[in-house]
Amino acid sequence: MAVTAVATKKLFINGTWTDGAGDQRLQVLNPATEEVIAEVPQATPADVEAAVSAARRAFDEGPWPSMSPAERGKILAAFADELSRRRAELVELNITEAGSTRMLAEFLQVGTPIDHFHDLVHRVLPQFPFEQPTPPIYGNGIGQGIVVREPYGVAALITAFNFPFLLNLAKVGPALAAGCTVVLKCSPYTPLEALVLGEIAETVGLPPGVLNIVTGDVDAGETLTRHPGVDIVSFTGSDTVGRKVYAQGAESIKKVVLELGGKSANILLDDTDLDRAMESVLGGFITHAGQGCALQTRILVHESLHDELVARVTGTLGFITVGDPSDPATMMGPLIREVQRQRVESLINAALDEGAQLAYGGKRPAHLERGFFIEPTLFTGVDNKMRIAQEEVFGPVAVVIPFRDDDEAVRIANDSRYGLAGGVWSKDPLRAAAVARRLRTGMVVINGGGGGLNPAAPFGGYKHSGIGREFGEFGLSEYLQHKALQWPVG
Ligand code: NAD
């Protein structure tokens, strides 16, 4: 299948499209058909060097960082409009390269990040306190002053494959709004949605070097995060790679923002209305075939509801249509690559070896010969110490773990190296909130609230799920330095 949405499948460096210094290409696959849909250059360290130099020049000598937020806002408003204009193409691209179902692509993958970009430009940026007076201070040195927030510098943005467009925009938007210049290195699996941003940068007249896009993998990412010309790194990906990125950035004392994995718990207290909770329980592990960092793949259920919950979930999974993600009737698409499917299968086997009971799924769907599909899978009889309860599977696999009381639910939920998200269900919202406050995670959904991503709510994790926040004013703040200017009073 030809992909037409992006015309220029090259590197975007200093405002021009280039084949790069090397002759290696990355093949982009449609994960539902295994067909090669495009090829892009595999960026070499020399290409990354060129991209960082361009971003450095644009920051040190160009107009972008010293423009007023309102001036930058005008260009970014045009950028936002262009994103909206190209929304339908982006949806098709997302289905084709990320394997997203049509509904997911329309909303969470493409629609939501475009809405967030508009929100950033039209709500957050105009009211953000870039310059804030400090009150007079009395003491040894009498002074008063202002706090000025300045762009952090050259930003290296590295993203994962699962929500490629959302992740790219969640970094590129606030970095540009802050006045940083950018080198974006997208996932090698999903470069096409990133390259569209280069086309839009050209269309709206972003100054050359302000946004650079390199398509590549480990070499490019490593060169970028070690490069002394980069001031801040924002990384989304696994905690395994995040740890390396943190160390690579430490060599030149970069600021490093990390948005990493999760193993979140959905807690169903004893008074949960199961009719209401079912959508969240199922969505918590089959959404995008389980390839979501904030999915709630550990289902913690009060022991009195355990059997009924398991019966309801296994009874419903048979109606989940798995297959061609471009078909609007499909409810679950493929995993991104064969290597990911094999990892999911190895964790399913580990769960069986450790004594977990397979309540549903666990195999490749018999009716699909091509594509990296796997059945939705549910385990019961799981101890929270098992690998299947501790490791991020990144496939459509959930575990059900019963608990006796609220304290035990909190203890099991927090018994994880991750701390990204979570859910709590109860007919008593105050009781649910009390449990939510005890969870060591960055985000908790109470009774299914906030079923999309709220642009004003911070997104990010505790513990091994990361450092820093994205979205809204929280995301914008990450790309700013705080400088103090002080005068004598009078
Ligand atoms: P990954 O860690 O394998 O790769 C992420 C990116 O890092 C890719 O662009 C890759 O090319 C690059 N990379 C690899 N080695 C590198 C190195 N040494 N230095 C610099 N860059 C390097 O992750 P993935 O498989 O693409 O994505 C899945 C992971 O992302 C899951 O763990 C998921 O939970 C996480 N994720 C987190 C969030 C969040 O906001 N917290 C959102 C989406 C995905």
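A few comments on the model shown:
- Tilt relative to the chain, helix 306-317 - C-alpha long axis, 0 to 90 degrees, to 10: 70 degrees
- Inter-part distance where the range 314-378 and the range 193-264 are each reduced to a Cα centre, Å: 31 Å
- Antiparallel %, DSSP beta bridges [both residues in the chain], to 5: 45 percent
- Annotation: amide H of G261 within the under-5 Å range of D239, sequence separation 5 or more or interchain, hydrogens built in the peptide plane.
- Residues of type lysines that K244 reaches as a straight line, Cα spacing below 27 Å, ignoring anything fewer than 8 places off in the same chain: K171, K185, K254, K255, K263, K385, K463
- Modelled this way, with points 7 Å down the Cα-to-C-beta line, the labels at R85 and W17 are 1.7 nm from one another.
- Only the Cβ atoms of Lys and Arg (+1) and of Asp and Glu (-1) were treated as charged; on that basis the dipole of the chain about its Cα centre amounts to roughly 920 debye.
- Rounded to the nearest 0.05, the FRET efficiency derived from the C-beta distance between T134 and I253 at R0 = 22 Å is 0.25.
- The residues of the chain expose on average 39 square angstrom of accessible surface per residue, using a 1.4 Å probe on protein heavy atoms.
- For the chain: rounded, prolate or oblate by the Cα gyration tensor [a/c cutoff 1.5]: oblate
- In sequence order, calculated HN-Hα J values of the range 255-260 (Karplus, 6.51, -1.76, 1.60; Hz; x Gly/Pro): 6, 10, 9, 10, 10, 10
- For L29, residues with placed amide H under 5 Å, excluding near neighbours: I37
- Options T330, F79, I286, ranked by Cα towards positive dipole end of the chain, top entry (Cβ charges): F79
- FRET efficiency for N349 and T203, using Cβ-Cβ distance with R0 set to 41 Å, rounded to 0.05: 0.25
- Taking other residues whose beta carbon is less than 11 angstrom from the beta carbon of R337, and scoring Lys, Arg as +1 and Asp, Glu as -1, yields 0.
- Taking the average, over residues, of other Cβ atoms within 10 Å as the packing measure, peptides 290-297, 340-347, 152-159, 260-267 rank 260-267, 152-159, 290-297, 340-347 from highest down.
- Listed peptides 178-184, 70-76, 218-224 appear in the order 178-184, 218-224, 70-76 once ranked by packing, highest mean of other Cβ atoms within 10 Å at the front.
- Rounded to the nearest 10 degrees, the angle from helix 45-60 to the longest Cα principal axis of the chain is 50 degrees.
- Between A359 and L378, F379, T380, the built amide H atoms are under 5 Å apart, and every one of these is 5 or more places off in sequence or on another chain.
- Once the gyration tensor of the Cα atoms in the range 265-464 is diagonalised, the equivalent ellipsoid follows with semi-axes of 26, 18, 17 Å, ordered largest first.
- Extended-chain gain in nm, criterion 0.36 nm per residue less alpha-carbon gap, D270 and E369: 31.4 nm
- Surface composition of the range 265-464: carbon and sulfur make up 52 percent of the accessible area, probe 1.4 Å.
The values are calculated or read from the model by the stated rules, or taken from the named source; none is laboratory data. Please read these numbers as outputs of a predicted model, since none were measured by experiment. Here Cβ is always computed from backbone atoms with ideal geometry, including for glycine, and neighbour counts include all displayed protein chains. To get the accessible areas, we keep the full protein, side chains included, count just its heavy atoms, and leave off ligands, DNA and RNA. Shrake-Rupley method; radii C 1.70, N 1.55, O 1.52, S 1.80 Å.
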